[in-house]
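Here is the structure we will look at.
The values are calculated or read from the model by the stated rules, or taken from the named source; none is laboratory data. Given the structure is predicted, the values throughout are model-derived calculations rather than measurements. Methodologically, a virtual Cβ is constructed for each residue, glycine included, from the backbone with ideal geometry; neighbour enumeration extends over all protein chains shown.
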Amino acid sequence: MSPREAALKVLLRVLKDGASLSDALPHQLQQVPPRDRGLTQALCYGTLRWHRRLQAMLDGWMDKPLRGRDQDVACALLMGLFEMQSMNTPDYAVIQQTADLGRSLRKRWAVGLINGVLRRAQREGEARGQQVDQSPALRHALPDWLFGCLQQAYGADVDTLCQAMNAHPPMTLRVNLHRGSRADYQARLAAAGLQAHPLEQVPSALILSEPVAVETLPGFQAGEVSVQDAAAQLAAPLLDCHPGQRVLDACAAPGGKTLHLLEQAGGDLDITALDSQAGRLDRVRENLDRGRYQARLVAGDGARPEDWHQGAVYDRILLDVPCSATGVIRRHPDIKLLRRDADIPALATEQARLLRALWPLLAPGGMLLYVTCSLLPDENDLTVAQFLHDEPSASESPLQASWGRARTVGRQILTGDQEMDGFYYARLIKR
């Protein structure tokens, strides 16, 4: 299968069927020769990242919208326009390859349409782009509702934030500091021909100059290093677990934070990794096996502890709640297309429900760390502030840090700040 045919199949799964990119892409990559997989991936990520802007440009060159059954042709046009504008492929080659896609779809009429539209884009692309970019939401390829929320929350910083949300994310490593220092591991990378730099704010983080396959990382299979964004690496040290404590990692999959908690305590934690989907616990188990650590894996709804909890309270609870994931759009650009304005109140309700249900499981004097990878206040400080107002036994343990920015409660990291993803943290103590 050609890389463009594979990319088209992925885009249709996302845009037509509502599948996530992380679910749709891996299978199709296996159908492409290894040398072409990078191109397939770049076409998928780029077309989805800039979808709304690309669509707005194409709309100006179409006499009428394509019918729903011709969404494959629409996707081919979007992908061709992205490649023409953002990759190094010569325009004539893009036009030819995209027209060939029309032939492969067995829609002869589409070949002429593709040729005509992309040749017009070749002539008028710059002017059309300037016209489209007069709308800030279109310029950043964001839905109006999301751009509006970000503008309201972050004001003058919104353009910088949106640019970061469309940037290519770095590949960040988490060094297992229980098994070696960050400096020693950086030297091992250099000996293997891999360049990386440390992140001052996160003692375990190294950022690679170029992404690589995980199997090429020294010590990866032995659990000496993991791949995890630097913002996510803050969770374990903020929770401040001590050896022998009982810990609940609610919403644990895929298990990166569970593993980090155990690394920090040298494996000496009585830790329960909970997730609502039993199948997702397989990923947690894989991470634990790689690090040679043990945890109790439980499938259950965190908001219904009566179904799975067996009585003893926890010294620490890590609550990494389901959220809009707007802080990781640079890694998952399909979120722009799959997330809806109406999702946010429902998510905030679920987050509050989890907080209320798990709080009784925390021991007096214990600590709960509330985490999202969201940029939206409705899911973050507003949710936690309401909980603190309603729950007399809860108080904030303020976060004094060199990362992020203080909110009414907790701290918010914006996407791109200090090379990190967008995350929110709030730390609560049970009086």
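Within the stretch 136-182, restricting attention to residues that are of a type in the set (Gly, Ala, Ser) and in contact (Cβ under 8 Å) with a residue 12 or more places away in the chain, which residue is farthest from residue 258 (Cα to Cα)?
So the first thing to find is which residues in the stretch 136-182 are of a type in the set (Gly, Ala, Ser), and the list is 137, 141, 148, 153, 155-156, 164, 167, 180-181.
With the extra rule that they be in contact (Cβ under 8 Å) with a residue 12 or more places away in the chain, the set shrinks to 137, 141, 153, 164, 167, 180.
Values: 137: 37, 141: 35, 153: 31, 164: 28, 167: 28, 180: 19 Å.
Taking the candidates together, the pick is 137.
Consider residue 408 carefully, then state whether it is surrounded by fewer than 21 Cβ atoms within 10 Å (Cβ to Cβ), assigned to a loop (DSSP other than H, G, I, E, B) and hydroxyl-bearing (Ser, Thr, Tyr). Against the criterion (surrounded by fewer than 21 Cβ atoms within 10 Å (Cβ to Cβ), assigned to a loop (DSSP other than H, G, I, E, B) and hydroxyl-bearing (Ser, Thr, Tyr)), residue 408 qualifies. Residue 424 meets the conditions (1) over 14 Å from the mean Cα position of the chain (by Cα); (2) among the aromatic types (Phe, Trp, Tyr); (3) assigned to a strand (DSSP E or B) in every case but one. The failed one is (1). Reported count of residues in the stretch 186-239, each being of a type in the set (Phe, Trp, Tyr) and under 17 Å from residue 169 (Cα atoms), is 0.
Here residue 226 fulfils each of the conditions (1) in a loop (DSSP other than H, G, I, E, B); (2) crowded, with 20+ Cβ neighbours inside 10 Å apart from (1).
Results for (1) of a type outside the set (A, V, I, L, M, F, W, C); (2) touching a Leu at 6+ places or on another chain (Cβ under 9 Å); (3) crowded, with 17+ Cβ neighbours inside 10 Å; (4) part of a helix (DSSP H, G or I), shown as yes or no for each residue.
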{"residue": "151", "(1), (2), (3), (4)": "yes, no, yes, yes"}
{"residue": "154", "(1), (2), (3), (4)": "yes, yes, yes, yes"}
{"residue": "158", "(1), (2), (3), (4)": "no, yes, yes, yes"}
{"residue": "163", "(1), (2), (3), (4)": "yes, no, no, yes"}
{"residue": "168", "(1), (2), (3), (4)": "yes, no, no, no"}
{"residue": "186", "(1), (2), (3), (4)": "yes, yes, yes, yes"}
{"residue": "194", "(1), (2), (3), (4)": "no, yes, yes, no"}
{"residue": "200", "(1), (2), (3), (4)": "yes, no, no, no"}
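Looking only at residues of the stretch 13-46 that are more than 17 Å from the chain's Cα centre (by Cα) and polar (S, T, N, Q), we find that the one that is farthest from residue 326 (Cα to Cα) is 31. Scanning the stretch 195-218 for residues that are modelled with pLDDT of 95 or more, of a type outside the set (A, V, I, L, M) and on the phi > 0 side of the Ramachandran plot turns up nothing. With respect to being crowded, with 19+ Cβ neighbours inside 10 Å and in a loop (DSSP other than H, G, I, E, B), residue 141 fits the description.
List the helices (runs of 4 or more DSSP H) that sit entirely inside the stretch 1-104 and contain at least 2 residues that are among the basic types (Lys, Arg).
Hits in the stretch 1-104: 3-15, 37-49, 51-59.
Each residue in the stretch 343-402 was checked for being touching a helix residue (DSSP H, G or I) at 6+ places or on another chain (Cβ under 8 Å), part of a strand (DSSP E or B) and surrounded by fewer than 20 Cβ atoms within 10 Å (Cβ to Cβ), and 3 pass. Selection over the stretch 261-286 of residues that are part of a helix (DSSP H, G or I), closer than 26 Å to residue 304 by Cα and not charged (D, E, K, R) gives a count of 6. The set of residues from the stretch 202-223 being crowded, with 18+ Cβ neighbours inside 10 Å and under 22 Å from the mean Cα position of the chain (by Cα) comprises 202, 204, 205, 206, 207, 217.
Any residue at all in the stretch 233-246 that's in a strand (DSSP E or B), within 23 Å of the chain's Cα centre (by Cα) and buried (at least 21 other Cβ atoms within 10 Å of the Cβ)? No; the residues of the stretch 233-246 include none that is in a strand (DSSP E or B), within 23 Å of the chain's Cα centre (by Cα) and buried (at least 21 other Cβ atoms within 10 Å of the Cβ).
Criterion first (touching a Phe, Trp or Tyr at 6+ places or on another chain (Cβ under 6 Å) and either among the polar types (S, T, N, Q) or modelled with pLDDT under 95 (or both)) does residue 372 satisfy it? Against the criterion (touching a Phe, Trp or Tyr at 6+ places or on another chain (Cβ under 6 Å) and either among the polar types (S, T, N, Q) or modelled with pLDDT under 95 (or both)), residue 372 qualifies. Among residues of the stretch 75-95 being crowded, with 16+ Cβ neighbours inside 10 Å and either out of contact with any helix residue (DSSP H, G or I) (no Cβ under 8 Å at 6 or more places or on another chain) or touching a residue at least 60 places away in the same chain (Cβ under 8 Å) (or both), the one that is farthest from residue 123 (Cα to Cα) is 75.
Being without any contact (Cβ under 8 Å) to a residue 12 or more places away in the chain and closer than 25 Å to residue 176 by Cβ is a condition met by at least one residue of the stretch 281-299.
Consider the stretch 251-273 and keep the residues that are aliphatic (A, V, I, L, M) and modelled with pLDDT of 95 or more. The one that is surrounded by the fewest Cβ atoms within 10 Å (Cβ to Cβ) is 269. Among the residues of the stretch 229-241, those that are farther than 20 Å from residue 328 by Cβ and touching a residue at least 60 places away in the same chain (Cβ under 8 Å) comprise 239, 240, 241. The C-beta contact set for the stretch 304-318 (first residue without any contact (Cβ under 8 Å) to a residue 24 or more places away in the chain, second residue assigned to a loop (DSSP other than H, G, I, E, B) and surrounded by 10 or more Cβ atoms within 10 Å (Cβ to Cβ), distance under 6 angstrom, 6+ apart or interchain) comprises 307/300.
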